[in-house]
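Student: The structure under discussion is supplied below as structure tokens; questions concerning it will follow.
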There are 2 protein chains.
Amino acid sequence: MDAATDRAAAVPAIAEARRRRADRARQVADLLRREILHGGFGAGRLPLEAALAREFGASRNTVREALDLLREEGIVERCPGVGTTVAGEKYPHGLHRLLGLAETLHEHGSVTNEVRTMGLIEPPAAVGRRLGVAAGEPVVYLERLRRLNGLPLSLDLTYLVRDVGEPLFEADLERNDIFVLLEQVAGQPLGTAELTMEAVNADAHTAAVLDAPRGAALLMIERLTHLSDGRPVDLEFVRFRGDRLAMRGHLRRDVEDPAAPEDP
Amino acid sequence: MDAATDRAAAVPAIAEARRRRADRARQVADLLRREILHGGFGAGRLPLEAALAREFGASRNTVREALDLLREEGIVERCPGVGTTVAGEKYPHGLHRLLGLAETLHEHGSVTNEVRTMGLIEPPAAVGRRLGVAAGEPVVYLERLRRLNGLPLSLDLTYLVRDVGEPLFEADLERNDIFVLLEQVAGQPLGTAELTMEAVNADAHTAAVLDAPRGAALLMIERLTHLSDGRPVDLEFVRFRGDRLAMRGHLRRDVEDPAAPEDP
């Protein structure tokens, strides 16, 4: 084999080695992400690359690539001479039960809500239909930027049926979950909610509002909440910063669909 | 007021008008996204801009900006002279019950799995601990690229305890969910799973594997699944393309935490 053939054969071999290292780096990154998310390293420092390489049976290069992946995600920071440190907390939002943000994060700090817009609107047909309000009947529209310990966490667009929504004009929306206020106004607990959860990239304007990079991954939730008597009262579109929040819950194999009402 | 002062005053006014339009565009986009996701327009064409403007009580410019947001997300396509069409289906993954991908998507087409890696490995401590295997005990590692109707949907990294994992070397992994195969091998149904759900941006290598743009929003799930006797057997890290899948489920206000086992 002459040198040229040698080089031609080497190209796919190098590509293959790169692919294998990238695959391995992803494996290591996933396991480290989980440890970080569950407080495995406290708010502190990750072990040295050499120690991580031993623990994962991986090369130093692979470990470095894994740490770079986590850095790109904003989960860790890397400083020459200092090592790798946990960059910021990612908060767990309970997925086992219908909960407001302040309720689910009460152990993690204080949620404050900046009301960006609030008022009565004539709802588009798609909103009116889902909330079961007659044509021409206004609904309350509310837009809030929600912060945890002062840092932007989510942007919430909320449509409320008028009779339970209008009294909220007088409520302390800065410091209370809508869910808790709705139960007070309605004089009955909430019942069930249908939700859809997606991952989307932040558009430029949303990114600016959430103080996140353009294109940042957001966890987007659409949720229609009913009172315990079954009436739909609250339609929300919520964008969570993906780097600040994780949903956590449990699923069972043996249930059919415990809470399923008819989809409207 | 002279002309210079006039211009100075106009700059914040223009910025404010832009901000208001961006906010309105987001509202319209969210409602349209929901309609598209739930098949409101079939696989077909959206109403004309003028009709949408009427429906949403918004200006043509706002509607155009909303459609641009959905185009950036890959949900719709816009063609001069043709209008706005639904770009591709986003599939609903049931979140009410512990389900495999083929199980939950059976109405939407056929799931095929490309096995990228499979073998026995000595697990990192973080994996061994969660699966409850003794130090030195190997586990099965499996990596699959999963497609729905031929299009990449998710990249799944799976760690299985040896006794239920090793028999899968002989199974038809291309066409079966791991969950179904595990139940056959173990001779008992699965029980519960703890899961964490996040939105992350695709790194370059993952994006290439999933045939998505670099930085694309992914729905990332980490899930530890137990047999019905409580033994953890299956630890998975799953990355779903955000533009191809949405999680759908129901939450109830009145449950404490029906399926919660102790977090390991």
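The values are calculated or read from the model by the stated rules, or taken from the named source; none is laboratory data. Keep in mind it's a predicted model, so treat the numbers as computed, not measured. With ideal geometry, Cβ positions are generated from the backbone for all residues, glycine too; neighbour counts draw on all protein chains shown.
Student: Go through the stretch A:72-87 residue by residue and tally those that are outside any strand (DSSP E or B) and either over 18 Å from the mean Cα position of the chain (by Cα) or surrounded by fewer than 15 Cβ atoms within 10 Å (Cβ to Cβ) (or both).
Tutor: Start the filter on the stretch A:72-87 by keeping residues that are outside any strand (DSSP E or B), which leaves A:72-75, A:80-82, A:87.
Then drop every residue that is not either over 18 Å from the mean Cα position of the chain (by Cα) or surrounded by fewer than 15 Cβ atoms within 10 Å (Cβ to Cβ) (or both), which leaves A:80-82.
Residues meeting the conditions: 3.
Student: Among (1) in contact with a strand residue (DSSP E or B) (Cβ under 8 Å, 6 or more places away or on another chain); (2) surrounded by 18 or more Cβ atoms within 10 Å (Cβ to Cβ), which single condition is A:Asp203 missing?
Tutor: For A:Asp203, the exception is condition (1).
Student: Sticking with this one: Please work out if B:Leu157 is buried (at least 17 other Cβ atoms within 10 Å of the Cβ) and farther than 15 Å from B:Leu235 by Cβ.
Tutor: Numbers: buried (at least 17 other Cβ atoms within 10 Å of the Cβ): yes; farther than 15 Å from B:Leu235 by Cβ: no.
Here the answer is no, as B:Leu157 does not meet what is asked.
Student: Which of the residues that make up the stretch A:119-140 are hydrophobic (A, V, I, L, M, F, W, C), out of contact with any strand residue (DSSP E or B) (no Cβ under 8 Å at 6 or more places or on another chain) and either surrounded by fewer than 16 Cβ atoms within 10 Å (Cβ to Cβ) or assigned to a loop (DSSP other than H, G, I, E, B) (or both)?
Tutor: Residues of the stretch A:119-140 hydrophobic (A, V, I, L, M, F, W, C): A:120-121, A:125-127, A:131, A:133-135, A:139-140.
Among the residues that remain, those that are also out of contact with any strand residue (DSSP E or B) (no Cβ under 8 Å at 6 or more places or on another chain) are: A:125-126, A:134-135.
Within the stretch A:119-140, A:Ala125, A:Ala134, A:Ala135 meet the criteria.
Student: Report the residue count in the stretch A:36-63 for those that are part of a helix (DSSP H, G or I) and either surrounded by 17 or more Cβ atoms within 10 Å (Cβ to Cβ) or among the β-branched types (Val, Ile, Thr) (or both). Break it down into steps so the answer makes sense when it comes.
Tutor: Pass one, the stretch A:36-63, residues part of a helix (DSSP H, G or I): A:36-37, A:49-56, A:60-63.
Imposing the further condition that a residue be either surrounded by 17 or more Cβ atoms within 10 Å (Cβ to Cβ) or among the β-branched types (Val, Ile, Thr) (or both) reduces the set to A:36-37, A:49, A:52-53, A:56, A:62-63.
Number of matching residues: 8.
Student: So, in the stretch A:117-149, exactly how many residues are within 14 Å of chain B (Cβ to nearest Cβ), touching a residue at least 60 places away in the same chain (Cβ under 8 Å) and within 23 Å of A:Asn176 (Cα to Cα)? Let's see the steps before the verdict.
Tutor: Taking the stretch A:117-149 and keeping what is within 14 Å of chain B (Cβ to nearest Cβ), we get A:117-131, A:135-136, A:138-145.
Narrowing the set further to residues that are touching a residue at least 60 places away in the same chain (Cβ under 8 Å) leaves A:127, A:129-131, A:145.
If we keep only those that are within 23 Å of A:Asn176 (Cα to Cα) as well, we get A:131, A:145.
Of the residues in the stretch A:117-149, 2 are within 14 Å of chain B (Cβ to nearest Cβ), touching a residue at least 60 places away in the same chain (Cβ under 8 Å) and within 23 Å of A:Asn176 (Cα to Cα).
Student: Restricting to the stretch B:107-144, name every residue that is at positive phi and under 21 Å from the mean Cα position of the chain (by Cα).
Tutor: If the condition is that a residue be at positive phi and under 21 Å from the mean Cα position of the chain (by Cα), then B:Gly109 is the only one that fits.
Student: Looking at (1) part of a strand (DSSP E or B); (2) hydroxyl-bearing (Ser, Thr, Tyr); (3) farther than 30 Å from B:Phe179 by Cα, which is the one condition that is false for A:Thr192?
Tutor: The single condition A:Thr192 does not satisfy is (3).
Student: Which pairs have Cβ atoms under 7 Å, sit 6 or more apart or on different chains, and link a residue in the stretch A:87-103 that is under 28 Å from A:Leu227 (Cβ atoms) to one that is in a loop (DSSP other than H, G, I, E, B) and modelled with pLDDT under 85?
Tutor: Within 7 Å, the pairs are A:His96/B:Asp257; A:His96/B:Ala260; A:Arg97/B:Val255; A:Arg97/B:Asp257.
Student: Further, regarding this structure: Need the failing condition index for A:Arg144 against (1) in a helix (DSSP H, G or I); (2) surrounded by 21 or more Cβ atoms within 10 Å (Cβ to Cβ); (3) of a type outside the set (S, T, N, Q), just the number.
Tutor: (1)
Student: Mind listing just one residue for me: the one in the stretch B:214-240 that is at the interface with another protein chain (Cβ under 9 Å from one of its Cβ atoms) and in a loop (DSSP other than H, G, I, E, B) and, of those, surrounded by the fewest Cβ atoms within 10 Å (Cβ to Cβ)?
Tutor: Taking the candidates together, the pick is B:Ser228.
Student: If you take the residues in the stretch A:152-178 that are part of a helix (DSSP H, G or I) and among the charged types (D, E, K, R), which one is farthest from A:Pro213 (Cα to Cα)? It would help to see each step written out before you state the result.
Tutor: Initial filter on the stretch A:152-178 (part of a helix (DSSP H, G or I)): A:162-170, A:178.
Narrowing the set further to residues that are among the charged types (D, E, K, R) leaves A:162-163, A:166, A:170.
Numbers: A:Arg162: 36, A:Asp163: 39, A:Glu166: 35, A:Glu170: 35 Å.
So the residue we want is A:Asp163.
Student: Right, another one. Going by the conditions given, is A:Leu182 more than 9 Å from every other protein chain (Cβ to nearest Cβ) and buried (at least 22 other Cβ atoms within 10 Å of the Cβ)? Give the steps one after another, and end with the answer.
Tutor: Details: more than 9 Å from every other protein chain (Cβ to nearest Cβ): yes; buried (at least 22 other Cβ atoms within 10 Å of the Cβ): yes.
So A:Leu182 fits the description; yes.
Student: When the stretch A:185-212 is examined, which residues are found to be within 18 Å of the chain's Cα centre (by Cα), within 7 Å of chain B (Cβ to nearest Cβ) and farther than 21 Å from A:Met118 by Cα?
Tutor: A:Ala193, A:Glu194, A:Leu195, A:Thr196, A:Met197, A:Glu198, A:Ala199, A:Val200, A:Asn201, A:Asp203
Student: While we're here: Looking only at the stretch A:69-86, which residues are at the interface with another protein chain (Cβ under 9 Å from one of its Cβ atoms) and free of Cβ contacts under 8 Å to residues at least 24 places away in the same chain?
Tutor: Once the filter is applied, which keeps residues that are at the interface with another protein chain (Cβ under 9 Å from one of its Cβ atoms) and free of Cβ contacts under 8 Å to residues at least 24 places away in the same chain, the stretch A:69-86 yields only A:Glu72.
Student: Which of (1) within 14 Å of another protein chain (Cβ to nearest Cβ); (2) of a type outside the set (S, T, N, Q); (3) over 26 Å from A:Pro123 (Cβ atoms); (4) surrounded by 12 or more Cβ atoms within 10 Å (Cβ to Cβ) is the odd one out, the single condition B:Ala15 does not satisfy?
Tutor: Status for B:Ala15: all satisfied but (4).
Student: Same structure again: I'd like the full set of residues that are charged (D, E, K, R) and touching a residue at least 12 places away in the same chain (Cβ under 8 Å), limited to the stretch B:22-67. Steps first, answer last, please.
Tutor: So the first thing to find is which residues in the stretch B:22-67 are charged (D, E, K, R), and the list is B:23-24, B:26, B:30, B:33-35, B:45, B:49, B:54-55, B:60, B:64-65.
Hits for the stretch B:22-67 are B:Arg24, B:Arg26, B:Arg33, B:Arg45, B:Glu49, B:Arg64, B:Glu65.
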